[in-house]
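Read the figures in this text as sums done on the coordinates, not as results from a lab. Everything numeric in this text was worked out from a predicted model, so none of it was measured. Quick reminder, even Gly has a Cβ in these numbers, built from the backbone with ideal geometry, and neighbours come from all protein chains shown.
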Amino acid sequence: MVTEKLQAVLGASDITTVHENAAYGFTLKLLSSKARKFNLLYTEGLSQKEQPVDEKNQQLKRLELYFLLPDYWDLSKKKWPVDWLNRIAQVPQKNKTWFGTGDTLPAGNPPEYVDPQLKCSYFILSEPILLGHELRGDQWHDANFSMLAVIPIFKREFDYKSQNSSKALLQIFKEKGVTEMIDTYRDPVARKRFMGLF
């Protein structure tokens with residue numbers, strides 16, 4: 001159902017299963033869109049279990065997660081998106097909790113860099129940004145699940161979010177043109193405080 005809906009809104013694409021998590025009942029799949037120049041690594045099966053959301057977040061009751069990767073990404077050489085999406089997707093069931101927009105998770109305990117080039121040590125969950133039109137637009141209204149992007153963030157950005165809010169950090173992302181597309185060359189967008197100013 002998830003794959004069919006993604007193909008319908010994103011166009012004809014190649015789909016590959018990259019990991020099965022039988023213990024938690026979900027699969028990780030890779031949708032490759034050469035025309036759109038991206039790879040979508042996504043969960044399928046999470047939405048079979050309802051999240052115990054509050055009244056304000058009913059749209060997140062059934063949820064799937066994704067990483068948006070550039071089309072040149074080679075999962076056989078840089079496999080961390082698969083490893084981390086698999087770990088992150090287990091959290092709601094394992095900890096009897098639920099995911100919402102702006103939730104952050106550390107990359108390990110203690111947090112470590114997800115990639116030698118991308119020195120991010122946290123992840124934030126976000127509504128689709130670059131794929132917002134497709135994954136939240138009119139053609140999505142009949143889907144009975146929502147998608148949240150998993151975006152690696154730097155410790156400095158995590159600290160900013162902790163001091164302000166996830167909404168404030170995501171607003172800075174919007175202003176600076178940061179999307180859910182993984183960019184191993186991006187720099188932190190939240191600056192450290194200097195004499196109380198940003």
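With +1 on each Lys and Arg Cβ and -1 on each Asp and Glu Cβ, how big is the dipole of the range 104-168 about its Cα centre, in debye rounded to the nearest 20? If you can, show how the numbers build up before the last one.
Values: 6 positive and 8 negative charges, 67 e Å.
The dipole of the range 104-168 has a size of about 320 debye.
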Separation of the range 30-51 and the range 159-175 by C-alpha centroid, Å? 25
The lysines whose Cα lies under 17 Å from the Cα of LYS176, excluding any fewer than 8 residues away in the same chain, are LYS161, LYS167, LYS192
Straight-line reach only, C-alpha to C-alpha below 12 angstrom: list the aspartates and glutamates that LYS155 could link to, leaving out same-chain residues fewer than 8 apart. GLU112, ASP187
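Could you work out [θ]222 nm for the chain from helices alone, using -39500 (n - 2.57) per DSSP H run of at least four and dividing by all its residues? Round to the nearest 500 deg cm²/dmol.
Working: 5 runs with 50 residues, N = 198.
Roughly -7500 deg cm²/dmol at 222 nm, from the helical runs in the chain.
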Taking the dipole about the Cα centre of the chain, with the C-beta of Lys and Arg at +1 and of Asp and Glu at -1, give me whichever of MET147, PRO92, LEU10 is farthest to the positive side. PRO92
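Please give me the summed charge of the neighbours of LYS161: other residues whose Cβ is under 11 Å from its Cβ, Lys and Arg +1, Asp and Glu -1.
On the way: positive: LYS155, ARG156, LYS167; negative: ASP103, GLU157, ASP159.
Overall, the nearby charge balance is 0.
Hey, fewest Cβ within 10 Å first, where do HIS19, HIS141 land in order? Provide the component values of the computation, followed by the final result.
Working: HIS19 18, HIS141 7.
Lowest count first: HIS141, HIS19.
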Could you go through the range 40-45 in sequence order and give the Karplus-derived ³J(HN,Hα) for each residue, using 6.51 cos²θ - 1.76 cosθ + 1.60 with θ = phi - 60°, rounded to whole Hz, and x for Gly and Pro? 10, 9, 9, 8, 9, x
Need the list of lysines near LYS29 for cross-linking: C-alpha distance under 27 angstrom, and skip anything on the same chain fewer than eight residues off. LYS5, LYS37, LYS49, LYS61, LYS77, LYS78, LYS79, LYS94, LYS96, LYS119
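Identify the trypsin sites (Lys or Arg not before Pro) of the range 19-65 meeting these criteria: DSSP loop state and at most 12 other C-beta atoms within 10 Å of the C-beta.
Listed in order of number, the matching sites are LYS34, LYS37.
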Using the crude model of +1 on Lys and Arg Cβ and -1 on Asp and Glu Cβ, and no other charge, please compute the dipole size for the range 2-176 relative to its Cα centre, in debye to 20. 360
Global size of the chain as Cα Rg and Dmax, reported in angstrom: 16.4, 52
Rounded to the nearest 0.05, FRET efficiency between GLU112 and LYS34 (Cβ-Cβ, R0 22 Å) equals 0.10
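Which GluC sites (Glu not before Pro) in the range 102-198 sit in a loop by DSSP (not H, G, I, E or B) and have at most 15 other Cβ atoms within 10 Å of their own Cβ?
Details: sites: GLU112, GLU134, GLU157, GLU175, GLU180; in loops: GLU112, GLU180.
Sparse-neighbourhood loop GluC sites (Glu not before Pro): GLU112.
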If unit charges are put on Cβ atoms (+1 for Lys and Arg, -1 for Asp and Glu) and the dipole of the chain is taken about its Cα centre, the option from ASN39, GLN117, MET181 lying farthest towards the positive end turns out to be GLN117
